[in-house]
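A short worksheet on the structure shown next.
The values are calculated or read from the model by the stated rules, or taken from the named source; none is laboratory data. Note that the coordinates shown come from a computational prediction; the quantities given were computed from them, not determined experimentally. Positions of Cβ are backbone-derived with ideal geometry, glycine not excepted, and every protein chain shown enters the neighbour counts.
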Amino acid sequence: MMIIQNKYKKFADFCYNLFEIEEIPLYFSKYSNKLYSNYSHMFLLVYKQARKFTYEQLMEDLSDNHTLRAYLGLNALPHYSTLVKFAQKLPMKVWDELLIAFKKVIEQPKKVAIDATGITLDNASPHYCKRIGRKTKKRPFLKSSFVVDIEQGIILLCKFRKKARHDTVDAKPMVKKMAENYLPEIFYGDRGYDDNALFTLIVEKLKAYPLILQRRLDVPKHRRKGRYRKETIDVFDYGEYLQRNRVESWISALKRRLGHSIKSTDDKCQKVEAITRVIAFNIDRLIRIGENVILVFARITRVSY
């Protein structure tokens, strides 16, 4: 047993513990050359987001960081193109399940909120866009929906898409997945999630109270549609609803700490970069929550071969 004080060693332990919780195999194929394990590749992708590095900067940093390399068991470093190919080949389902694995290391959330935002896909400056005659008002972005534990500041679920869609399109499958893994008491949402089918899912499947602000508050109760929309309109607690604003604070914290734009150009790599950023944010948040507590981990031997 050893007391770990270095932030990035703690970060590595959280990562490897998540990999073990999710039971990710060291190698996906028996024909693999076994130069680097899946754990090494996945950790490097998450660590890259935690440090806000490009692939080249990541390799330059690790080449000089002999202490962290020895702790990880990386006798040699892969070429950055190896990580790009790994990100393109690894199914998104593996990353989604890795995010869900946080349920085993956090407390059961009581208050969760859903919100959507955009993550920029272009790093070009407005001045440069103006010089080359490119429109700057409609720059491409990755529509991102998040379900956040507003009390702990942990992102529980996320969904990304390139095309424009209504918020409820992504919210419905996220509520179904939420019901399989968490049991919150209150589910917050703004007017964009005022949908009868979504109310029904939250109450009947998630077993939570839908504290969602409805549209057209001037419309009387008898003219509204949906059983649960009618039941909640008369007892709507606007003071408690203001707690929903905390989800915007946590999404803002994600962008401020780890960046608001994505550098990848490939569609699959863009989504991988976004979800690894969320995983890195959650791990960083857990470390910050426990920064006043002495964290003791069992040293795990990590080998890259």
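Listed by position, the strands (runs of 3 or more DSSP E) contained in the stretch 117-212 that have at least 3 residues being surrounded by 13 or more Cβ atoms within 10 Å (Cβ to Cβ) and in contact with a Leu (Cβ under 9 Å, 6 or more places away or on another chain) are 141-149, 154-161, 186-189.
When we screen Gly226, Gly259, Gly239 for residues that are surrounded by 13 or more Cβ atoms within 10 Å (Cβ to Cβ) and over 20 Å from the mean Cα position of the chain (by Cα), the only hit is Gly226. Entry remark, the stretch 185-215: residues being without any contact (Cβ under 8 Å) to a residue 24 or more places away in the chain and either over 20 Å from His166 (Cβ atoms) or not assigned by TED's automatic domain parsing to the domain that holds Ala116 (or both) number 1 in total.
Whenever a residue of the stretch 95-119 is outside the structural domain of Ile289 (by TED's automatic domain parsing) and of a type in the set (A, V, I, L, M, F, W, C), its partners that are in a strand (DSSP E or B) and surrounded by fewer than 19 Cβ atoms within 10 Å (Cβ to Cβ), lying with C-beta atoms within less than 8 angstrom and at least six residues away or across chains, give the pairs Ala116/Lys143; Ile119/Phe141; Ile119/Ser261. Of all the criteria given as (1) more than 20 Å from Ser264 (Cβ to Cβ); (2) surrounded by fewer than 17 Cβ atoms within 10 Å (Cβ to Cβ), the one not satisfied by Met92 is (1). Looking across the stretch 216-273, the residues that are of a type in the set (A, V, I, L, M), assigned to a helix (DSSP H, G or I) and touching a residue at least 12 places away in the same chain (Cβ under 8 Å) come down to Ile233, Val247, Ile251, Ala253, Leu254, Leu258, Val272.
Using beta carbons and a limit of 7 Å, which pairs, at least six apart or on different chains, have the first residue in the stretch 16-31 and touching a residue at least 12 places away in the same chain (Cβ under 8 Å) and assigned by TED's automatic domain parsing to the domain that holds Phe86 and the second one part of a loop (DSSP other than H, G, I, E, B) and basic (Lys, Arg)? Matching pairs, first to second residue: Tyr16/Arg302.
Residues in the stretch 242-256 that are closer than 20 Å to Asp194 by Cβ and exposed (fewer than 13 other Cβ atoms within 10 Å of the Cβ): Leu242 only. Restricting to the stretch 65-76, and then to whatever is of a type outside the set (Ser, Thr, Tyr) and surrounded by 17 or more Cβ atoms within 10 Å (Cβ to Cβ), can you tell me which residue is farthest from Ser37 (Cα to Cα)? Going through the qualifying residues, I end up with Leu68.
Summed over the stretch 154-184, residues that are without any contact (Cβ under 8 Å) to a residue 24 or more places away in the chain and in contact with a helix residue (DSSP H, G or I) (Cβ under 6 Å, 6 or more places away or on another chain) total 1. Kindly indicate whether Phe86 is of a type outside the set (Asp, Glu) and either at positive phi or assigned to a loop (DSSP other than H, G, I, E, B) (or both). It is false that Phe86 is of a type outside the set (Asp, Glu) and either at positive phi or assigned to a loop (DSSP other than H, G, I, E, B) (or both). Quickly run through the stretch 168-189 and pick out the residues that are out of contact with any Pro (no Cβ under 8 Å at 6 or more places or on another chain) and not hydrophobic (A, V, I, L, M, F, W, C). Passing the criteria: Thr168, Asp170, Lys172, Pro173, Lys176, Lys177, Glu180, Asn181, Glu185, Tyr188. Regarding Arg288, is this residue part of a loop (DSSP other than H, G, I, E, B) and basic (Lys, Arg)? Considered against the rule, which asks whether it is part of a loop (DSSP other than H, G, I, E, B) and basic (Lys, Arg), Arg288 comes out as no.
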